[in-house]
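Participant: Before we start, here is the structure in question, set down as structure tokens.
The values are calculated or read from the model by the stated rules, or taken from the named source; none is laboratory data. All values derive from a computational prediction rather than experimental measurement. Every residue, glycine among them, receives a Cβ derived from its backbone with ideal geometry; neighbour counts consider all protein chains shown.
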Amino acid sequence: MRPNRLRELFAARQPAMVGWMSFASPYAAEFYGHCGFDAVAIDLQHGPIFLDAALPMLQALSASPAMPMVRCSGNNFSEIGKLLDAGAYSVICPLIQDADDARRFVEACRYPPMGTRSYGPTRGFLYGGPDYFDRANDTVVTWAMIETPESLRELDAICAVDGLDGIFVGPSDLSISLGTKPPPKWREAPLAPALESCLKAARKAGKMAGVFCTSPDMAADMRKAGYDMLVLANDSVMLRGAAQQWLETARKG
Ligand code: 3PY
Ligand code: MG
């Protein structure tokens, strides 16, 4: 089976740089996949991407050097199964609250006896290879999102869930649920100590730690702190930033 780039980078202690897609467009996915990211995630929780749009985007990413990932819209067995069958190599699940949530998520991603995933990896075979069934449980990477005070309290129990590969911090929801507002102030309390606790808990359990970064400065800080996977904002933030910079420079001229 084709190896999972995230596992290779984690084993080599190298941080993964990940792109994040909100535009429901196979062309945008193909384009983003060729920008140099280690992996690109298709976001089905927020934005206009629904399940039918995910398949051609996963196909476009498969033809690029970036590993195809998804954020599912919720902890939904059927949707997670469809996304994996469509060739997603890593799944991020939003709003995990405790170990039971995390276990349910992992079970949806793993074939028996580890989990309860149903068999039918239509595109999984095409992207992964003919030995997909034998290797999928050890290859697909699973992430539980930490974005509430409940999940912070349950960090050690979540990290201890068998078959869960990592935790992924959603700093905007976490900021809101801790009583502040986005954009996330990652250098201040209450977010700074929460980010530190997440990294520490993941390390203690031998799991990966990822974080959604809302600015290049945040990504640089999180890289320095030791996070294993940095999501670099998303496609719309990148496009708006580049457009605004062009306009500002051109209008000065
Ligand atoms: C958050 O910051 O809450 C996220 O879910 C990032 O996508
Ligand atoms: Mg969130």
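Participant: Does VAL231 fit the bill of being buried (at least 20 other Cβ atoms within 10 Å of the Cβ) and assigned to a strand (DSSP E or B)?
Facilitator: Values: buried (at least 20 other Cβ atoms within 10 Å of the Cβ): yes; assigned to a strand (DSSP E or B): yes.
So VAL231 fits the description; yes.
Participant: Here is a follow-up. If you take the residues in segment 121-147 that are aromatic (Phe, Trp, Tyr) and away from ligand 1 (no atom under 16 Å from the Cβ), which one is farthest from LYS207 (Cα to Cα)?
Facilitator: Restricting attention to segment 121-147, the residues satisfying the condition of being aromatic (Phe, Trp, Tyr) are 125, 127, 132-133, 143.
If we keep only those that are away from ligand 1 (no atom under 16 Å from the Cβ) as well, we get 125, 127, 132-133.
Values: PHE125: 27, TYR127: 25, TYR132: 23, PHE133: 23 Å.
Result: PHE125.
Participant: Has segment 109-117 got at least one residue that is in a helix (DSSP H, G or I), more than 16 Å from ligand 1 (Cβ to nearest atom) and at pLDDT 95 or above? Break it down into steps so the answer makes sense when it comes.
Facilitator: Applying the first criterion (in a helix (DSSP H, G or I)) to segment 109-117 yields 109.
Now drop any that are not more than 16 Å from ligand 1 (Cβ to nearest atom), which leaves 109.
Now narrow it down to the ones that are at pLDDT 95 or above: 109.
Yes, segment 109-117 contains a residue that is in a helix (DSSP H, G or I), more than 16 Å from ligand 1 (Cβ to nearest atom) and at pLDDT 95 or above.
Participant: Let me ask another. Please verify whether segment 170-183 includes one or more residues that are out of contact with any Leu (no Cβ under 7 Å at 6 or more places or on another chain), over 26 Å from VAL237 (Cα atoms) and part of a loop (DSSP other than H, G, I, E, B).
Facilitator: So far as segment 170-183 goes, no, none of its residues is out of contact with any Leu (no Cβ under 7 Å at 6 or more places or on another chain), over 26 Å from VAL237 (Cα atoms) and part of a loop (DSSP other than H, G, I, E, B).
Participant: With the structure loaded, tell me whether ALA53 is modelled with pLDDT of 95 or more and in contact with a helix residue (DSSP H, G or I) (Cβ under 7 Å, 6 or more places away or on another chain) or whether it fails that test. Step through it out loud before you land on a result.
Facilitator: Values: modelled with pLDDT of 95 or more: yes; in contact with a helix residue (DSSP H, G or I) (Cβ under 7 Å, 6 or more places away or on another chain): no.
So ALA53 fails the test.
Participant: So if I check each of THR180, THR142, THR214, which one is more than 18 Å from the chain's Cα centre (by Cα) and among the β-branched types (Val, Ile, Thr)?
Facilitator: Details: THR142 fails: more than 18 Å from the chain's Cα centre (by Cα); THR214 fails: more than 18 Å from the chain's Cα centre (by Cα).
Going through THR180, THR142, THR214 in turn, the sole match is THR180.
Participant: Also, quick follow-up: Between ALA157, ALA136, ALA209, ALA192, which is crowded, with 18+ Cβ neighbours inside 10 Å, modelled with pLDDT of 95 or more and out of contact with any Pro (no Cβ under 8 Å at 6 or more places or on another chain)?
Facilitator: Details: ALA157 fails: crowded, with 18+ Cβ neighbours inside 10 Å; ALA136 fails: out of contact with any Pro (no Cβ under 8 Å at 6 or more places or on another chain); ALA192 fails: crowded, with 18+ Cβ neighbours inside 10 Å.
Selected residue: ALA209, the only one of ALA157, ALA136, ALA209, ALA192 that is crowded, with 18+ Cβ neighbours inside 10 Å, modelled with pLDDT of 95 or more and out of contact with any Pro (no Cβ under 8 Å at 6 or more places or on another chain).
Participant: I would also like to ask the following. Exactly one of these conditions fails for GLY163: (1) in contact with a strand residue (DSSP E or B) (Cβ under 6 Å, 6 or more places away or on another chain); (2) within 23 Å of ARG117 (Cβ to Cβ); (3) surrounded by fewer than 22 Cβ atoms within 10 Å (Cβ to Cβ). Give me its number.
Facilitator: Evaluating GLY163 over (1) in contact with a strand residue (DSSP E or B) (Cβ under 6 Å, 6 or more places away or on another chain); (2) within 23 Å of ARG117 (Cβ to Cβ); (3) surrounded by fewer than 22 Cβ atoms within 10 Å (Cβ to Cβ) leaves (1) as the failure.
Participant: Now for a different question. If only one of SER151, SER197 is surrounded by 23 or more Cβ atoms within 10 Å (Cβ to Cβ), touching a residue at least 12 places away in the same chain (Cβ under 8 Å) and assigned to a helix (DSSP H, G or I), which one is it? Working first, answer last.
Facilitator: Numbers: SER197 fails: surrounded by 23 or more Cβ atoms within 10 Å (Cβ to Cβ).
Matching residue, one of SER151, SER197: SER151.
Participant: Still on this model: Between ASP162, ASP156, ASP217, ASP138, which is part of a helix (DSSP H, G or I), closer than 20 Å to VAL91 by Cβ, more than 13 Å from ligand 2 (Cβ to nearest atom) and not aliphatic (A, V, I, L, M)?
Facilitator: Details: ASP162 fails: part of a helix (DSSP H, G or I); ASP156 fails: closer than 20 Å to VAL91 by Cβ; ASP217 fails: closer than 20 Å to VAL91 by Cβ.
Criteria check complete, one pass: ASP138.
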